[in-house]
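I have placed the structure first, in the form of structure tokens, so that the comments after it can refer back to it.
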Amino acid sequence: MSGALAVFDLDGTITRSDTLGPFLWGYLRRHPWRVLRVVPALPAPFRYLINRDRGALKGTAIRTILGGLPRPALEQWADEFVRTLIPHALFAEALAAIEQHRARGDRLMMMSASTDLYVPRIAQALGFDEVICSRVRWREDGRLDGRLSGLNCQGEEKRRCLAEVLARDAPDRIYAYGNSDSDLAHMALAHQAYLINGPARLIRVPSPQLQALRWQRHAVTSRS
């Protein structure tokens, strides 16, 4: 594949904040009787302080709140969640950057540590060509297990996934957008990378390859 590839992180890069928390707690607010399921999982944050396994913590949270739900119920909630998210929670500058790359004919790829319960829907709504994200496990009866079925798509795992895409497609130029220190690993593979609202300490050595951008935290409406 020739041409350019533009890679966008999701949380804090396209959206103005995290998406998994609102996805989980939004469902819990609509189904408050499931709050009783949270009590047995309360030790999970303390385990994370010891093992630093974000994937395990994420899987525990998803399994606790959503575990056992049938796929149609989760698809319905994901559709509702994305419809609410798109108009109210995106950076205007992110949408402008996406449109700029699309207008140039660049291929758009979303990469996120958030899960395939809803990330592919966001990518589709925004017109992305490809999406790579963390994936959840399902039970044989078609209900959600909730634990991750593979590695958490963050840091070195995100870099590995992007390296596979680059080896497969060999784009002429790679652009990458991210917002945190965990994004720097895969952004290092890009010809031009943009750190969105990240702390200055993340750019230790000024580089033409890595540019810091400040995007305003105001809500926008999506493209029609």
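Worth a mention:
- Every residue from segment 1-36 that is among the aromatic types (F, W, Y) and more than 21 Å from L162 (Cβ to Cβ): F23, W25, Y27, W33
- Residue tally, condition out of contact with any helix residue (DSSP H, G or I) (no Cβ under 8 Å at 6 or more places or on another chain), assigned to a loop (DSSP other than H, G, I, E, B) and either in contact (Cβ under 8 Å) with a residue 40 or more places away in the chain or of a type in the set (A, V, I, L, M, F, W, C) (or both), over segment 100-124: 2
- Taken together, the residues in segment 125-176 that are more than 14 Å from A4 (Cα to Cα), hydroxyl-bearing (S, T, Y) and assigned to a strand (DSSP E or B) amount to 1.
- Qualifying residue in segment 80-93 (condition: more than 22 Å from R16 (Cβ to Cβ) and either in a helix (DSSP H, G or I) or of a type in the set (V, I, T) (or both)): no
- Within segment 134-155, restricting attention to residues that are closer than 19 Å to G12 by Cβ and free of Cβ contacts under 8 Å to residues at least 60 places away in the same chain, the residue that is surrounded by the most Cβ atoms within 10 Å (Cβ to Cβ) is C153.
- Among the residues making up segment 139-173, those that are hydrophobic (A, V, I, L, M, F, W, C) and touching a helix residue (DSSP H, G or I) at 6+ places or on another chain (Cβ under 7 Å) are L144, L148, L151, C153, L162.
- Of the residues making up segment 183-202, those that are over 20 Å from F91 (Cα atoms), of a type outside the set (A, V, I, L, M) and part of a helix (DSSP H, G or I) are H186, R201.
- Residues that are modelled with pLDDT of 90 or more and loosely packed, with under 12 Cβ neighbours inside 10 Å, drawn from segment 1-20: S17
- One residue stands out in segment 1-31 among those that are among the β-branched types (V, I, T) and over 15 Å from F81 (Cα atoms): the one that is farthest from the chain's Cα centre (by Cα), namely V7.
- Residues that are of a type in the set (A, V, I, L, M), under 30 Å from R217 (Cα atoms) and modelled with pLDDT of 90 or more within segment 29-75 comprise I62, I65, L66, L74, listed in sequence order.
- Single unsatisfied condition, S134 versus (1) in contact with a Ser or Thr (Cβ under 7 Å, 6 or more places away or on another chain); (2) within 24 Å of G105 (Cβ to Cβ): (2)
- Filter result for the condition that a residue is in contact with a Ser or Thr (Cβ under 8 Å, 6 or more places away or on another chain), surrounded by fewer than 23 Cβ atoms within 10 Å (Cβ to Cβ) and modelled with pLDDT of 95 or more, over D106, D116: D116
The values are calculated or read from the model by the stated rules, or taken from the named source; none is laboratory data. Worth saying up front: this structure is predicted, and the values here are computed from it rather than measured. Virtual Cβ from ideal backbone geometry, glycine too; neighbours counted across all protein chains shown.
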